[in-house]
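To keep things clear, I will list the structure first and then write my remarks on it.
The values are calculated or read from the model by the stated rules, or taken from the named source; none is laboratory data. Note that this is a predicted model, so its numbers are computed, not measured. Neighbour counts are summed over all protein chains in view; Cβ atoms, including those assigned to glycine, are modelled from backbone coordinates with ideal geometry.
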Amino acid sequence: MTQKLKFSLQRRQVVHQILENRGDAAVVTGIGNAVHDVASANDDAKNMYLAGVMGGACMVAFGIALAQPGRRILVITGDGELLAGIGSLATIGVEQPKNLSIIVIDNQAYGATGNQHTHTGRGVDLVGIAKASNFKNTALITNKKELQAQIPNIYQKPGPYFAVVKVVSKSSPRINAPKDGTYVSRRFRSAVAGEGA
Amino acid sequence: MGIKPKIVLDRRTVVKEILKDRGDLLLVTGLGAPTWDAAAVGDHINNFYLWGAMGGAALTGLGLALAQPNRRILVITGDGEMLMGVGGLATISVKKTPNLAICILDNQRYGETGMQETHTQHGVDLSKMASGAGIKNTSIVYTKNELKKAIPILYEETGPVFVNVKVTDKPVPMTLPPRDGPLLKHRFRENLLGHI
Amino acid sequence: MAVKKKTSWSNAVFKILKENNIKQIAYVPDAGHTSLIQKAIEDNIVNPVSLTSEQEGIAVLSGAWLGGDAGALLLQSSGVGNIINMLGMVNECRFPLLMLVTMRGEWGEFNPWQVPMGQATQVVLEASGVIVHRAEEPQDIAETVEAAAKLAFEGGRMVAVLIGQRVVGFKDWAK
């Protein structure tokens, strides 16, 4: 049943590399490891950490993308989180936000709850679903070279852009990421929309 | 992309054709028009009509298919209903139920609420989503001829199979089957299991 | 993860599920359910159904009952928020429904985002017509599940067992 493919990319390094030259991009994370991956790169005020609302990261980011058309909005989330709200891809595919990029860190497991297999290790192709949902720019990233080639596309290709990065199924250490929703959201809003917004 | 063929099929004719030689098929219908379509062919003791639970038709079919591995299960539902529970396609693909067939009547509209456009009107392709979800046997039907070829797929080919039938948004009269949940449940189970 | 040892109660709970002829176990993973899920996967008779979202599980178990199988849904309290509309079918058709809910957002919760749904779980279920039992001590869980299974499958009702966070144990944000 389960595909025994070996992947070598480390989730934390991948996320750090993607965010290295993020400029004024804003980032929304899905629940779980993605919060810690992004926060450990740099706790930027333009990070919105979702430590709940499983399945909601893409639509939160979509709302931001509409409100901030001049800014690139990145979603960094896990495969389990995306699957829980997979219909959002269809909604985003219809709306075609030019400034939205979705990056799925796919370890084929529910890392936060005991590493149960998700559907992605068992024949479910998220890139295929994104294409079927009318995403014109998609990528499957399985090694360093592909990652390097795609990083400019994440920031520059017309959105909605969608990439799946296959990573090793091992959680990185958690860090003390900000978790107070009121604080994180007010800080985010001021950072992207201006003080007092 | 190419130019999409014109949508010509009438939903009532499609469902009538599909159910013409149904044998001992067990049918689950999604809420709204697919339920009325099945009722228009004629009420049947092997029909379980959903009158609610939007997004749940294909998954109800999955549970039924797991419980009744020797029977063929067909789910007929609409594009809006399928979209609301579209993650279910991934769940169904992972279970690889050989006896489950899903047929979408895709009019690209939310028919019961005023014919608003659904996502399939705007580039979202449900049969490709199903294949992205890992379902190997998927197809799209625009013509009578394609429908004729798709019907044996629904009945005979190894499931899960997924057939998206594009139908017109022409209004059809409402034909209402029984709607009392316990009645529908009891007659379905009694006939199938010999007890309620 | 400071999750307490849970094999002891999950063994007993799985035995009860088997005694009640549970054939389909649908689940969205939760740390508290880990070993129960594993048992469902390893069992030769139980058909495990891994879901993308909890609402799928309500529909799967409705189909299971229509086809003559009994089933159970394993979920976390946050997932209760995803099933409410789908419960309407179960309620109207009076399908039996057994749900085992591991609680978050209460005892020793570290993640503030879990608190609102965790605090609403019981009232939301009850408002939807679900009978709610709670188990707060490890030794109570099996007995509570047994009573809930009886009420669900013989009494023909929707029943949820909320397994308190005190039993499941709590995680640390930074570990």
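Side notes on the structure shown:
- Checking each residue in the range A:128-150 for being of a type outside the set (Lys, Arg), part of a helix (DSSP H, G or I) and crowded, with 18+ Cβ neighbours inside 10 Å picks out A:128, A:129, A:130, A:132, A:147, A:150.
- Any chance residue B:97 is of a type in the set (Ser, Thr, Tyr) and at the interface with chain C (Cβ under 9 Å from one of its Cβ atoms): no
- From the list A:106, A:79, the one residue that fits, being within 11 Å of chain B (Cβ to nearest Cβ), surrounded by 20 or more Cβ atoms within 10 Å (Cβ to Cβ), under 24 Å from residue C:48 (Cα atoms) and not aliphatic (A, V, I, L, M), is A:79.
Here is a yes/no grid of residues against (1) away from chain B (no Cβ under 14 Å); (2) more than 21 Å from residue A:113 (Cα to Cα):
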residue: A:139; (1), (2): yes, yes
residue: A:146; (1), (2): yes, yes
residue: A:151; (1), (2): yes, yes
residue: A:154; (1), (2): yes, yes
residue: A:159; (1), (2): yes, yes
residue: A:162; (1), (2): no, yes
residue: A:168; (1), (2): yes, no
residue: A:171; (1), (2): yes, no
residue: A:177; (1), (2): yes, no
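- When residue C:144 is tested against (1) crowded, with 24+ Cβ neighbours inside 10 Å; (2) of a type in the set (Ser, Thr, Tyr); (3) in contact with a strand residue (DSSP E or B) (Cβ under 9 Å, 6 or more places away or on another chain), only condition (1) is not met.
- Qualifying residues in the range A:179-197 (those that are part of a loop (DSSP other than H, G, I, E, B) and closer than 15 Å to residue A:67 by Cα) - the one nearest to the other protein chains (Cβ to nearest Cβ): A:197
- 1 or more residues β-branched (Val, Ile, Thr): qualifying helices (runs of 4 or more DSSP H) within the range B:49-133: B:57-67, B:88-95
- Between A:54, A:48, the distinction of being buried (at least 24 other Cβ atoms within 10 Å of the Cβ), within 14 Å of chain B (Cβ to nearest Cβ) and closer than 30 Å to residue A:193 by Cβ belongs to A:54 only.
- Checklist (1) of a type in the set (D, E, K, R); (2) away from chain B (no Cβ under 14 Å); (3) in contact with a strand residue (DSSP E or B) (Cβ under 8 Å, 6 or more places away or on another chain); (4) under 29 Å from residue A:68 (Cβ atoms) applied to residue A:131, failing item: (2)
- Among the residues of the range B:6-31, those that are away from chain C (no Cβ under 14 Å) and closer than 16 Å to residue B:75 by Cβ comprise B:11, B:14, B:15, B:18, B:19, B:22.
- Contacts under 7 angstrom Cβ, first residue in the range C:131-148 being hydroxyl-bearing (Ser, Thr, Tyr), partner buried (at least 16 other Cβ atoms within 10 Å of the Cβ) and modelled with pLDDT of 95 or more, 6 or more apart: C:144/C:133; C:144/C:135; C:144/C:161
- When restricted to residues that are surrounded by 13 or more Cβ atoms within 10 Å (Cβ to Cβ) and either more than 22 Å from residue B:83 (Cβ to Cβ) or among the small types (Gly, Ala, Ser) (or both), the range B:159-175 contains 2.
- Whichever residue in the range B:24-44 is touching a residue at least 60 places away in the same chain (Cβ under 8 Å) and not hydrophobic (A, V, I, L, M, F, W, C) and, among such residues, is surrounded by the fewest Cβ atoms within 10 Å (Cβ to Cβ): B:43
- Taken as a whole, the condition of being touching a helix residue (DSSP H, G or I) at 6+ places or on another chain (Cβ under 6 Å), closer than 30 Å to residue B:50 by Cβ, in a helix (DSSP H, G or I) and of a type outside the set (S, T, N, Q) does not apply to residue C:123.
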